[in-house]
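Scroll down for the structure; my scribbles are underneath it.
FYI, it's all coordinate maths here, none of it is from the lab. As the structure is a prediction and not an experimental result, all values here were calculated from the model. Backbone-built Cβ (ideal geometry, glycine too); neighbour counts: all protein chains shown.
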Amino acid sequence: MKKITVNASTEYDILIGKGLLSDAGKLCADTLGIHSVAIVSDDTVDALYSEALEKSLRDAGYSPIKFVIPHGEASKSMKSLEGLLGFLAENHMTRSDFLIALGGGVVGDLTGFAAAVYLRGIRFVQIPTTLLAAVDSSVGGKTAVNIPAGKNLVGAFHQPSLVICDCLTLDTLPENIFADGCAEVIKYGIINDKRLFEKLKSPIKPQIEDIIANCVSNKRDIVNADEFDNGIRRLLNLGHTVGHAVEICSNFGISHGSAVAIGTCIVARASARLGICEESLPCEAEKMFKDYSHPTTCKFSAEELTTVALGDKKRMGQTISFVLPYAIGDCRICDMNVETIKDFIQKGL
Ligand code: NAD
Ligand code: GLY
């Protein structure tokens, strides 16, 4: 088992290993003590993993209750939040009690936000079961739900008390969802970890525990330095401003991971044309994303992508921050004037 400790406004451990789900009860008891606990999961993950988690919790002395949402992004909503908060109140959960998010980023973000606002804040544990959740969303305390005006527009920073990543749960992921997580893993390599990028040239599954630990260490360092996203944490948005525009232009027909791949490659090609990085960088990034089954181009025009990108929540007045690759493992934040963005995207198409 690997242990990585975050030292943000709260200190907590991220435990990564195979078979940890059956130890989850003891791990929770050691860190949080014996209190009331509510598991939150989606219907797919519930059918696969709740029984093992519940047994482990009961064996450790807990009497868990459970709230299950339908799988999918639509469940990351105010309606689910209201349902979950009502469930916690009906079951008399108090401030010493805690929640467990068992699932992917949807379950993690919803549960984390419910924990942030219920009784003005209770503790929660993340048990990520997708690769994306393992390497990104379960760590760092960003929690949110969506509203009709946009994704993640209502949220809070609320750090988990413990993250338990059982790599064996990733074995049941459909290939396309696993591939989406791989796009985020590649992102860490390009941002600041050339060694990780090199490791990804060999098949990822046999080295998954090591790769997840690499990504989480990278994210830990970033969150320790900038928990509230005012500085270097924005590096994690590599490919995301253009990627979100691609997702929206495709009416979410292009998955998040593929959109990040396309967004990263657009930014890399534009950076190469501007002399910010070597001509070889976009080729290397494209090859890596293609090897993990992602497209690197899209049919949308610079005009279409820019119109959407200008509405991005990362916009600050007349600037939007872009993450530019100077080399593999060396990305930097650049605040770009909105008037230059269309030309920049055009260069990358
Ligand atoms: P998800 O939670 O919707 O999971 C994807 C699908 O995989 C679901 O249908 C789920 O039921 C299924 N699934 C999960 N684990 C499984 C398993 N082990 N075996 C079989 N099926 C399984 O999606 P996701 O990609 O994990 O997360 C996406 C969400 O994460 C988005 O809402 C995004 O905004 C959010 N996110 C948050 C952060 C953050 O820092 N908080 C970072 C990145 C993404
Ligand atoms: N997923 C981006 C962040 O945590 O900042």
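Numbers for the structure displayed
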quantity	calculated
Taking the C-alpha atoms of the range 180-304, convex hull volume expressed per residue in Å³	117
Greater than 25 Å apart at Cα, pairs in Lys187/Lys347; Lys199/Lys219; Lys205/Lys287; Lys205/Lys313	Lys205/Lys313
Efficiency of FRET from Cβ geometry, Thr297 and Leu48, R₀ 45 Å, rounded to 0.05	0.80
Two-decimal ratio, the range 65-162, of alpha-carbon radius of gyration to 2.2 N^0.38 Å	0.96
Among Asn214, Asn146, Asn230, residue whose mean-square fluctuation peaks in a GNM of the chain (springs only between Cα atoms under 10 Å)	Asn230
222 nm mean residue ellipticity, helices alone, for the chain (DSSP H n ≥ 4; -39,500 (n - 2.57); rounded to 500)	-13000 deg cm²/dmol
Value of relative contact order over the chain, rounded to a whole percent, pairs C-alpha under 8 Å and six or more apart	15
Cβ-derived FRET efficiency at R0 30 Å, Ser250 paired with Val338, nearest 0.05	0.85
Cα extents of the range 258-349 along the three principal axes, largest first (Å)	37, 26, 20
³J(HN,Hα) computed for each position of the range 149-156 - Karplus, 6.51 cos²θ - 1.76 cosθ + 1.60, integer Hz, glycine/proline x	6, x, 6, 6, 7, 10, x, 7
For the chain, with +1 on Lys and Arg beta carbons and -1 on Asp and Glu, the positive-most of Gly72, Val267, Gly108 along the dipole	Val267
Separation in nanometres of the label points that stand 7 Å from Cα toward Cβ, at Met78 and Ser63	3.6
Nearest-ten-degree value, helix 208-225 long axis tilted from longest Cα axis of the chain	80
For the range 115-181, diffusion coefficient by Stokes-Einstein and Kirkwood Rh (Cα), 4 °C, 1.567 mPa s, µm²/s	98
For Thr319, net neighbour charge (Lys/Arg +1, Asp/Glu -1) across residues whose Cβ lies under 14 Å away	+1
Kirkwood-based Rg to Rh ratio, the chain, C-alpha trace	0.97
